[in-house]
Amino acid sequence: MSAAQLLRHSRKLRSLQNAVDCERSSLVRYFSSSSGSFIVKENGVGKRTGGTRLSKHSQPAKELETFSVGVNRSYTWTRAFNSRIPSAVSGLNGSFSCGQVASARPFSSGADLPPHQEIGMPSLSPTMTEGNIAKWLKKEGDKVSPGEVLCEVETDKATVEMECMEEGYLAKIIHGDGAKEIKVGEIIAVTVEEEGDIEKFKDYKPSSSAEPVAPTESKAQPEPSPPKVEEKEASKTPEPKAPKTDEASQSGDRIFASPLARKLAEDNNVPLSSVKGTGPDGRILKADIEDYLAKGGQREAFAAPGLGYVDIPNAQIRKVTANRLLASKQTIPHYYLTVDARVDKLVKLRGELNPLQDASGGKKISINDLVIKAAALALRKVPQCNSSWMNDFIRQYHNVNINVAVQTEHGLFVPVIRDADKKGLGTIAEEVKQLAEKARDNSLKPADYEGGTFTVSNLGGPFGIKQFCAIINPPQSAILAIGSAEKRVIPSSADGQYEFGSFMSATLSCDHRVIDGAIGAEFLKAFKGYIENPTSMLL
């Protein structure tokens, strides 16, 4: 190690001492096979928060660096001199966001690699367990500086830019453009401090110990030792269940498989003979079954002979949408209320406002923009519908933030219009179009879709759907489904006379734990009032 490097590291060690002395927050990482979380202590109160599994290296000393990816983009770091004990890290700003990235810089000794930093797949949303690399904005050999964007990561909700943490050089990209299903914490790249060290990482591969391991499998792998296990011992002590299963799992035509792998295969009707094991002696692990299912193995097993088909990989947004909506229907007691509102005056008002918008250079106001405004004002009148079920209590929100469902080729997105009740129609129209464009480009940021309190889904205008019932977007307690407008013949005030009117169907899906039937009806009454007398929205 050069004198310059030693000086740089000694300065960081001195900075560490100051950080450890800070009482504002401290964090302890437990290296256990069943826990990938941190203990965060703030103001004397301990909390557990999700974390990323740190890579373990054979070097006697290493530096563990953690930075949080969020709106504030704050970074913290520390050195750990013994990888076998928990590392103490001080939060310099007293707050940690859900997106945390762990990286480790091992120090070379003898013929080992020079000092380097392994960059792991970050957790960029509370529900993210794996991500995809959309594209790298830096290439191998490029110099990188703090704040520069390294790559774009496709999370379970959007595509997010991943920024560099320290100055250095990008020595090796482990997972290139388009890499799929990379577990959180798995190494995706390596950086070095000296440009001359780049060439030494040309054929670099991360050690298997640095790869993320499922907690349940980590216990099962080191446990079996077939040569030492005998029938006599098994009869005396019924303790070692895993080795017993492994012994019986392969004899002649039998197959090695962990108990978890066998259970998962049985639940999904996967024949173990069709799965290739990656464990010791070809043993099938839980991860092998999951990989088999992810590659369409389950669909192949159920495909009838002679049927032509194509397997379409699920994007992260599709997987998350499926899981959230399934959980919504299974756990939320839905009920539905429908009302028909006459929209003749609404259409007329839109026709009067759009010329003014054109003259001022603003975006045209759509029927959906007027619907969003009417729903926001109705929520202000009936705040019980602007709430969430929190098990022990109901949380009623002061802000009216309306999520708007946008269908794209990448999946369904729900960007949010914040404080929609306080914004003018022109502002709402502008924001909806900007967010819809970002959704179609797959470039929404977390701030663009998080924090909604109510959702509007419109299949009437774009697709002509007359009426439908939408699934509630948890943790919200209601969603409004808007159908198309249709002309109807209605009796006029004069006897024997008839007139034509356009009516739009609106269906409110409610969480019965939060919204009673009468409250839902009260909301639809207020919404209908704004739609049929739209000038009242301008007051």
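The values are calculated or read from the model by the stated rules, or taken from the named source; none is laboratory data. On a predicted model such as this, the values are computed, not experimentally measured, just so you know. Every residue, glycine as well, gets a Cβ built from its backbone with ideal geometry; the counts of neighbours run over all protein chains shown. Areas reflect the complete protein model, heavy atoms only, side chains present, ligands, DNA and RNA absent. Shrake-Rupley method; radii C 1.70, N 1.55, O 1.52, S 1.80 Å.
Given the C-alpha atoms of segment 435-539, compute the convex hull and give its volume per residue in Å³.
Details: hull volume 16.8 nm³, N = 105.
Dividing the Cα hull volume of segment 435-539 by its residues yields 160 Å³.
If you count only protein heavy atoms and use a 1.4 Å probe, how large is the accessible surface of R440, to the nearest 10 Å²?
120 Å²
Put D511, D340, D203 in order of accessible area, largest first, 1.4 Å probe: what do you get?
Result, largest first: D203, D340, D511.
Probe radius 1.4 Å, ligands and nucleic acids left out: which of L538, L353 has the largest accessible area, and how do the rest follow? The partial results should precede the final answer.
Working: L538 95, L353 35 Å².
So, going from the largest accessible area down, we get L538, L353.
Just the number please: accessible area per residue for segment 318-537, 1.4 Å probe, all protein chains included, in Å². Can you show the working numbers first?
Numbers: 10640 Å² over 220 residues.
In whole numbers, segment 318-537 has 48 Å² accessible per residue.
How far apart, in nm, are two points set 7 Å out from the Cα along the Cα-to-Cβ line at K364 and at L137?
Roughly 3.4 nm, to one decimal.
Excluding ligands, DNA and RNA, what is the solvent-accessible area per residue of segment 116-196 at a probe of 1.4 Å, expressed in Å²?
Details: 2820 Å² over 81 residues.
Per-residue accessible area for segment 116-196 comes out at 35 Å².
Under a plain spin-label model, where a point goes 7 Å from the Cα along Cα-to-Cβ, how far apart in nm are K263 and Q407?
Result for the modelled spin labels: 3.9 nm.
Going from most exposed to least, what order do H410, H334 have by accessible area with a 1.4 Å probe?
H410, H334
Tally up the carbon and sulfur contribution to the accessible surface of segment 425-539 as a whole percent, 1.4 Å probe, everything protein left in place.
54 percent
Greater than 24 Å separation of Cα atoms is the criterion. Which listed pairs, K135/K286; K183/K263; K345/K525, meet it? Kindly include the intermediate steps, with their values, before the conclusion.
On the way: K135/K286 30 Å; K183/K263 22 Å; K345/K525 17 Å.
Over 24 Å apart, Cα to Cα: K135/K286.
Give me the percent of the accessible area of segment 116-196 that comes from carbon and sulfur atoms, probe 1.4 Å, all protein chains in place.
43 percent
For segment 318-537, take the convex hull of the Cα atoms, compute a quarter of its surface area, and give me that in nm², please.
Value for segment 318-537: 13.2 nm².
What is the extension gain from A518 to E486, computed as 0.36 nm multiplied by their sequence separation minus the C-alpha to C-alpha distance, in nm to one decimal? Intermediate values should be presented prior to the final figure.
Working: separation 32, 0.36 × 32 = 11.52 nm, distance 2.73 nm.
Full-extension gain reported as 8.8 nm.
So if we plug the beta-carbon distance of K422 and R395 into 1/(1 + (r/R0)^6) with R0 = 30 Å, what FRET efficiency do we get, rounded to 0.05?
0.90
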